[in-house]
Amino acid sequence: MRPHDIVILLKIAAKRDTPWLMKDLATELGISGSEVSESLHRSSLAGLIAKDKKRLMKLSILDFLEHGLRYVYPQQPGAKVRGLPTSHAAPPLSQEILSEEPYVWPYGEGTVRGESIEPLHPKVPEACLKDPEFYEYMALCDALRVGRTREKNKAIEILRKKLC
């Protein structure tokens, strides 16, 4: 598995029941078509998407996000930079958790200054600005990667509702 495999799976989840094509995912995420194809193949082998590569294995994805994400793709907050809010500083957690220490993805057009968190793929901030549902999924993933127990528990609770 590679970090952008999670990005692609969560982009599919954000589409809900809307039909999608690999080329659409590639365009919307700024990832090449061949990378999307290879990613879906890896995810199929891992049991995170069905063999037909159309149906998400939502419980398996949730299990991986809850128990594996922070170990496979760990992250430590870095220097203060301008960027796009993530983790507890972005919706939906920002509505429930108040903090004066925002985490951000470094992004030149961002409006918030905070501790930097590297996204799972460099194109994530741009893709999130175009799709609020996808933005929520990615911010929740970062809460699992860098959050404290309270943020992690809340993120899992929200992800469970969104995915299942």
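Kirkwood hydrodynamic radius of segment 50-106, from the reciprocal of the average inverse Cα-Cα distance over all distinct pairs: 13.8 Å. Annotation: lysines with alpha-carbon distance below 26 angstrom to LYS11 (same-chain offsets under eight excluded): LYS23, LYS51, LYS53, LYS54, LYS58, LYS123, LYS130, LYS152, LYS154, LYS161, LYS162. A full extension of the chain between LYS123 and LYS23 corresponds to an added length of 34.4 nm, given 0.36 nm per residue minus the alpha carbon distance. Relative contact order for the chain: 24 percent, from Cα pairs under 8 Å spaced at least 6 residues apart, divided by residue count. Backbone amide hydrogens, once placed in the peptide plane, bring THR86 within less than 5 Å of TYR103, VAL104, TRP105, excluding anything fewer than 5 places away on its chain.
When only Cα pairs below 8 angstrom with a gap of at least 6 residues are kept, segment 80-163 shows a relative contact order of 31 percent. When peptides 10-18, 71-79 are ranked by their average number of other Cβ atoms within 10 Å per residue, the highest-first order is 10-18, 71-79.
Each value in this text was obtained by applying a stated rule to the coordinates, not by laboratory testing. This one's a predicted model, so the numbers in the text were calculated from it and none came from an experiment. Neighbour counts are summed over all protein chains in view; Cβ atoms, including those assigned to glycine, are modelled from backbone coordinates with ideal geometry.
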